[in-house]
6 protein chains.
Amino acid sequence: MKLTVCRKEYFNAAHRLYNPKWSDKKNSDIFGKCNNPNYHGHNYELVVKLTGDINPDTGYVYDMKALSVLIKTNVVDKFDHKNLNLDTNEFKKLIPTAENIAVVIWNILRKQIDNKYDLKIQLYETKKNFVEYPAQQ
Amino acid sequence: MKLTVCRKEYFNAAHRLYNPKWSDKKNSDIFGKCNNPNYHGHNYELVVKLTGDINPDTGYVYDMKALSVLIKTNVVDKFDHKNLNLDTNEFKKLIPTAENIAVVIWNILRKQIDNKYDLKIQLYETKKNFVEYPAQQ
Amino acid sequence: MKLTVCRKEYFNAAHRLYNPKWSDKKNSDIFGKCNNPNYHGHNYELVVKLTGDINPDTGYVYDMKALSVLIKTNVVDKFDHKNLNLDTNEFKKLIPTAENIAVVIWNILRKQIDNKYDLKIQLYETKKNFVEYPAQQ
Amino acid sequence: MKLTVCRKEYFNAAHRLYNPKWSDKKNSDIFGKCNNPNYHGHNYELVVKLTGDINPDTGYVYDMKALSVLIKTNVVDKFDHKNLNLDTNEFKKLIPTAENIAVVIWNILRKQIDNKYDLKIQLYETKKNFVEYPAQQ
Amino acid sequence: MKLTVCRKEYFNAAHRLYNPKWSDKKNSDIFGKCNNPNYHGHNYELVVKLTGDINPDTGYVYDMKALSVLIKTNVVDKFDHKNLNLDTNEFKKLIPTAENIAVVIWNILRKQIDNKYDLKIQLYETKKNFVEYPAQQ
Amino acid sequence: MKLTVCRKEYFNAAHRLYNPKWSDKKNSDIFGKCNNPNYHGHNYELVVKLTGDINPDTGYVYDMKALSVLIKTNVVDKFDHKNLNLDTNEFKKLIPTAENIAVVIWNILRKQIDNKYDLKIQLYETKKNFVEYPAQQ
């Protein structure tokens, strides 16, 4: 049976939910306060979950220190203390909802982690709102 | 791949675990302190999880504000600051264990949410006791 | 300089806010949902804080295991899985608000703990509502 | 002896630390990532603490529902989902550090709450950074 | 549909990550600070998850009090306030990583719990590092 | 009025409570499981609180990034992943209770921080046991 190792990291960012194909009124109707043109922000909590076999020599599925460095280098350094809409290429044309941020982070990490590991993401936007990608089947 | 969005809400309620088919002694033996005839209570934490596809126009799987309103209207307003045994129809004949409360809430929400979304519930009775319904397969 | 040691314990109870000197309407106006005649309940978190000098032989201000036993024997066993209004002498004539519960617990513990220790209480009724007694001066 | 009642509320906002009297280089040297011209953001947690006497008729120091409404009306509605630098008068000329935000909130609430109550504020910018105003003496 | 009941318990232990087949230098290179010959320690949080059917007579999948006693007797009493490398048979020849501790606990509990229940374990070594066994399929 | 800024950091360590002036039996009677000769361990959470005036140029009482570095350099690097009894000079002759660890950390930090700032420490040994030094007066 396989085992899942999980690592939590944090980043703080500003964002705005806005669809340029829509009128200002429709944006306001759909996104409410999250549509504020001057942005608002969150403390994001990210949990990265890797599933694989335990290496009998180390007792590790994946070195958690290495996983922490990998997340910081590829995700936290890119998004922490940034405006997701203005400061990142990923959200130039993609609405930075928690859903889309999770998919973007998954795609970034998937390229950095050997495919023998299954990869899942949890992203907390607030204590009350969070997403999981991909969903359990 | 699908994505899961999760929303946490809260309600505070009194309850008593009691099976009317049993003697008082058997009720006390099985349910212990939870059988107190005068009730006790909990701060329940409810996490509602919906799995679906991201709508490319909104970046949402499901509007979390709408999900919050739906949970408050259908679940929190029904159970918050209530005696589950005395004040609700759902537990007139059903023992209000965390397990049964979770199933009742799932059945309530299932009718309110389009079947294209998979629905799961987590219910925390205390920090140390919680349930998930339906179980992962 | 003195040091404060703190111990957290838990109890779950039902209660109702009700003043028998008032009409039902006034009770409902003042206490809202907390006035439900059939009770509701909470997971209470209690922090007991003792201030004193470090005993150089033990490195302790107060043995935390002994403090835990003292709290469980005198407070948790009395209130856990109880209806505060119906099952306890303390709240037969006293409204079981978080404020009054904190004062009652402080008075119970004060008799059990040597007066050379300063005693303070924090009581969380929910994550959003809590009280401290006595107040910092 | 007096008692302190505490109420926690939340708001999410964007901000930037920037002193217009300084060069860009000095701003960057002093404020680091927090100086990002495009803003970043946080989930702020606010604890409002009122100290007073228990009203024997209600068992309350202050009605927590009323305190919650007062905080939401005067603080949360003003700052939630806002850019503190651009969207609020309070931080047009004041750097929105956690310290200054706490003082601003205290000044807002002080005018709304009878002076017979002592008022203190805790403001969490992240889980690791928080401030208390005024300091304990 | 089946339901999962979850119980959280705690234990505090010392450990050291060390592979006797390797040189000291390789141990230090691979395990870093966790290789300290004099040990370090953690507050472990253990979540035990049982999946099964609700018994209609009790409303329980599994009596949580009984589950708590079972975990304390078989796991907490064995590992709490222990040096995992020196004080336990399980880790005499097995490196006490979070991964291996989770598998050991799963194997201990599996023998104590009827096979009609599916069994899963979550083990938190710190707030940022945790493991799940077996992995979701 | 002054303001208090607070910074939380973490370290994981092993320790044993033992008084060399006592018999083994007395050590065991007084310290119980914490007297295990092979050590056990904890995830310590440290909150450092500095009280001072807000610098109007920065809006800071004390730069939190600088405070984090100062704590890491002087406290975390010294105690993290260490055996407090064997690996540190501070606890060669001092019993590493939470009380004594807090006093030691306060003394270390007091030398590094300008005396114009009031300094307080909170140290969590577990979620249920924590200490504050110096005590509020």
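The values are calculated or read from the model by the stated rules, or taken from the named source; none is laboratory data. Worth saying up front: this structure is predicted, and the values here are computed from it rather than measured. Ideal geometry is used to build each Cβ from the backbone, glycine not excepted, and the neighbour counts take in all protein chains shown. Just so you know, the surface numbers come from the protein's heavy atoms only, side chains and all, with ligands and any DNA or RNA stripped out. Shrake-Rupley method; radii C 1.70, N 1.55, O 1.52, S 1.80 Å.
Label-point spacing at A:Lys92 relative to the other copies reads 3.6, 6.1, 6.3, 6.3, 7.6 nm, in ascending order, each point sitting 7 Å out from Cα along Cα→Cβ.
Across the copies of the chain, D:Lys26 has label points (7 Å from Cα along Cα→Cβ) spaced 4.9, 5.7, 6.3, 6.3, 8.2 nm apart, shortest distance listed first.
Taking the Cα centre of chain F as origin and charging only Cβ (+1 Lys, Arg; -1 Asp, Glu), how large is the dipole, in debye to the nearest 20? Can you show the working numbers first?
Numbers: 21 positive and 16 negative charges, 77 e Å.
Dipole magnitude for chain F comes out near 360 debye.
The orientation-averaged projection of the convex hull spanning the C-alpha atoms of the protein assembly as shown amounts to 35.4 square nanometres. With the charge dipole of segment A:2-133 set up from +1 on Lys and Arg Cβ and -1 on Asp and Glu Cβ about the Cα centre, the Cα lying farthest toward the positive end among the listed residues A:Pro56, A:Asn27, A:Asn74 is that of A:Asn27. The magnitude of the dipole of the protein assembly as shown, with charges of +1 and -1 set on the Cβ of Lys/Arg and Asp/Glu and taken from the Cα centre, is near 0 debye. The phi-based Karplus calculation (6.51 cos²θ - 1.76 cosθ + 1.60; θ = phi - 60°) puts the 3J(HN,Hα) values of segment C:16-30 at 9, 8, 7, 10, x, 7, 9, 5, 4, 5, 5, 4, 5, 5, 7 Hz, whole numbers, x for Gly and Pro. Ordering E:Thr51, C:Thr73 by accessible surface, largest first, gives C:Thr73, E:Thr51; the 1.4 Å probe counts only protein heavy atoms, with every chain in place.
Taking only the Cα atoms of segment E:2-133, the radius of gyration and Dmax are 16.6, 60 Å. 3J(HN,Hα) couplings calculated from phi for segment A:50-67 with the Karplus curve 6.51 cos²θ - 1.76 cosθ + 1.60 (θ = phi - 60°) are, in sequence order, 10, 10, x, 9, 6, 6, x, 6, 10, x, 9, 7, 7, 5, 5, 5, 5, 5 Hz; Gly and Pro show x. Per-residue shielding of C:55-62, expressed as the average number of other chain Cβ atoms within 10 Å of the residue Cβ, stands at 6.
Strictly greater than 22 Å: what percent of every Cα pair in segment B:56-137 meets that? Above the 22 Å cut-off, segment B:56-137 has 30 percent of its Cα pairs. Calculated on the Cα set of segment A:13-71, radius of gyration then Dmax: 20.2, 60 Å. The mean sequence distance of close C-alpha pairs (under 8 Å, at least 6 residues apart), as a share of the length of chain C, puts its relative contact order at 31 percent. Across the identical copies, the label point of D:Lys2 (7 Å from Cα in the Cβ direction) is separated from its matches by 2.0, 2.0, 5.6, 5.8, 6.0 nm, in order from shortest. Once the trypsin sites (Lys or Arg not before Pro) in DSSP loops with at most 10 neighbouring Cβ atoms within 10 Å are cut out of chain A, the longest remaining piece is A:22-91. For the residues of B:124-130, the average number of beta carbons from a partner chain within 10 Å of their own beta carbon is 6.
Across segment D:48-102, counting alpha-carbon atoms alone, Rg and Dmax equal 15.3, 46 Å.
Each part gets one Cα centre, and for segment B:75-116 versus segment E:1-78 those centres are 32 Å apart. Within the listed set C:Leu123, C:Leu17, C:Leu46, the Gaussian network model of chain C (springs between alpha-carbon atoms below 10 Å) gives the highest mean-square fluctuation for C:Leu17. Among chain A residues, the one whose Cβ is nearest the axis of the rotation from A to B, given with its distance rounded to whole Å, is A:Gln136, 3.
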